[in-house]
Structure formats: C-alpha cells, structure tokens
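Beneath this line is the structure, given in structure tokens, with notes to follow.
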Amino acid sequence: MYVVTSEEMRRLDGHTIQRIGLPALVLMENAGRAVAEEVLAVSRESAAKRRQRWLVLAGKGNNGGDGLVAARHLIESGLDIDITLAEPAGLFSADMAVQHEIIGKLGIPMFNYKPGEIRWEVYDGVIDALLGTGTRGAPREPYAGLIREANASGLPIVAIDIPSGLDADTGMTHDPCICAVRTVALAFLKRGLVQPPGTGAAGRVVVRSIGIPVRLAEEQGIRTLLLDERTLSERLALDPRRGRPEDSHKGTFGHVLIAAGSLRMAGAGLLCANAALRAGCGL
C-alpha cells in the first residue's frame, strides 16, 4: 500500500483532474460517498436502536466539501444530519461553494458555528470535515474551538482524510487535534496516519478509493509503501501466511551477518538483529 506526503497527494490529484480528465467534483462525490459508507459502519456498531443523528463539522475547503457530500448520502441512507459551518460562505473554495449551494437547495439544516451553542448531547456522532492535508501549523479559531468542543463531547468522531490538527506528513498532533475513532483516508494512506502520535489520533484507518488510479503512484515517482501483507505478496513475491515445515531448523531459512555497533554502542546491532529475526531469518 502506497503512503504519500501532502505534496505527493496534491500532484496525484492534479494529474487526475488535469491530465486524465476526471473532474474534481467527481472525485469529491466519490469521496463523500465513501465517507458516508464508513460512517454508517460506525453507526451500526452503536448500541442505539433509534434513528441516529450525526453532526458534520465543515471547513471552508475541499475537506468541507467532502463532508457536505457525505451528509447528502447519509440522509438518503436514513440518518438525520445537521451541518455546522466553521466559516462564512464567502470564504469557501470553489468546489465547497458548489456543494454548499446543493445542500441549501435540498433544505438540509446548516448553521454557522458560534462557540458554546452546539447541543452535542442530541447527536450520536460527529464527522470531522474541517481541515485537510494542505493545512499547516496548529488550528486557529474558529477551528480550534470546534475541535475542542467536539473532543469534549465524548461522541465518536469519523475524520475525513486526516484528523483536523494532525500534520499529514509527520504525524505530529497540534493543539488541538481531533481524536477520531475512524479516519477515512482518501485514495492513499497519508504518512502522518502511520507515525505516532498521529496513529493514536486517527483511530482505525480505512483507505477508500475515490477514482484516482493506484498505478499513478508509481508513475508519479511515489516510492514509499506500507509493509503489509499486500506489499509482501505483490511487491516482494512473498506469502506472509505460509507455514514452516515441521522438520525445518535455523539453517533452512538463511543466515544474516550484521556489521553494526560496538561494545559500548550495541543498540544498532540489537535493532538489526531483532528486525532480521522478525523478518524470518534462521540464524
């Protein structure tokens, strides 16, 4: 599985839109639908037997647009949805403005954020569509206030692409940062989602396709992969589930010579030895 930086993701988005010809609004529609499906999965895990009500927190950029698309699909699936807008419509990105207009014509409830006025107790969950991978530094107001209130609510939060307040490249969590139970990574896994402390803020991470071809990653020079079962089998031609014969021994699986460290600086050698044993070497 490919792992990308925010700049690499920007290039992949741009190539898909400008060179392949998939419109940005189509990618946004696919993203919102994928998020809605994951929210429904989280809602089914709840003990609540009644019709659930969720709150979408939408920022001014395309992350907010993804959230508005998700809101539409969730309403079609039977959830009650409210939307809180972090900023006024005049500041929206072009694609976010399109989604905002659609939501308005459909009559879906939208409110501008005012500190302390959200009745969190009436909701069953929250969708974080505030800040995306292009954000730098700690969230500023009104985003900071919204993030703090959402975390304090104790409600399950599903984050779109990355939790708001998380650095997409380093995994650093700013103050404040959304604490999600699930993060829906769009198209590709972001580096910040697999590096602590970002791993703790992201909760369970699910990667969902939005129409950007996976092969573009290699074509665009992406060289970072997550070492998972798929990578082992498809990239390294290994079967991670293959059992070992009962009559095997340390000589069956190869020897590794490690030249590292010194008598007083043995840490590097120990780390290499542990890695080699975990990778399956015999001696």
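Rule-based calculations on the coordinates, nothing more; no lab input. None of these values were measured; they are calculated from a predicted model. Note: ideal-geometry Cβ built from the backbone for every residue, glycine included; neighbour counts use all protein chains shown.
Quick check on the chain: what are the equivalent-ellipsoid semi-axes from the Cα gyration tensor, as sqrt(5λ), descending, whole Å?
Value: 40, 21, 19 Å, ordered largest first.
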Estimated [θ] at 222 nm from DSSP helical runs (n ≥ 4, -39500 (n - 2.57)) normalised by residues in the chain, nearest 500 = -10500 deg cm²/dmol
In whole angstrom, and with the biggest value first, how far do the Cα coordinates of the stretch 227-280 range along each principal axis?
-> 39, 28, 12
Mean projected area, convex hull of alpha-carbon positions in the stretch 157-283, reported to one decimal in nm², is 11.6
With just the Cα atoms of the stretch 108-228, tell me how far they stretch along each of the three principal axes, in Å, largest first.
-> 48, 30, 22
Straight-distance crosslink candidates among lysines, where the alpha carbon sits under 26 Å from LYS105 and sequence neighbours closer than 8 are dropped | LYS60, LYS114
Sort 153-163, 25-35, 80-90 for me by packing, meaning the mean count of neighbouring Cβ atoms within 10 Å per residue, highest on top.
-> 153-163, 25-35, 80-90
Using the alpha-carbon atoms, what tilt in degrees (0 to 90, nearest 10) does helix 6-15 show relative to the longest principal axis of the chain?
-> 70
For the stretch 49-56, just list the computed ³J(HN,Hα) in residue order, Karplus coefficients 6.51, -1.76 and 1.60, θ = phi - 60°, integers in Hz, with x standing in for Gly and Pro.
-> 9, 8, 5, 8, 10, 10, 10, 9
Which cross-chain or sequence-distant (5 or more) residues have an amide H under 5 Å from the amide H of ALA185, H modelled 1.01 Å from N in plane?
-> ASP161, VAL206, VAL207, ARG208
Using the Karplus equation 6.51 cos²θ - 1.76 cosθ + 1.60 (θ = phi - 60°), what ³J(HN,Hα) coupling, rounded to whole Hz, does each residue of the stretch 32-38 give in order, writing x for Gly and Pro?
-> x, 5, 5, 4, 4, 4, 6
Packing-based ranking, highest mean first, of 213-225, 246-258 given that Cβ atoms within 10 Å are counted = 213-225, 246-258
Is the shape of the stretch 22-130 best called rounded, prolate or oblate, per the rule: a/c under 1.5 gives rounded, else a/b larger than b/c gives prolate, else oblate, with a ≥ b ≥ c the square roots of the Cα gyration tensor eigenvalues?
-> oblate
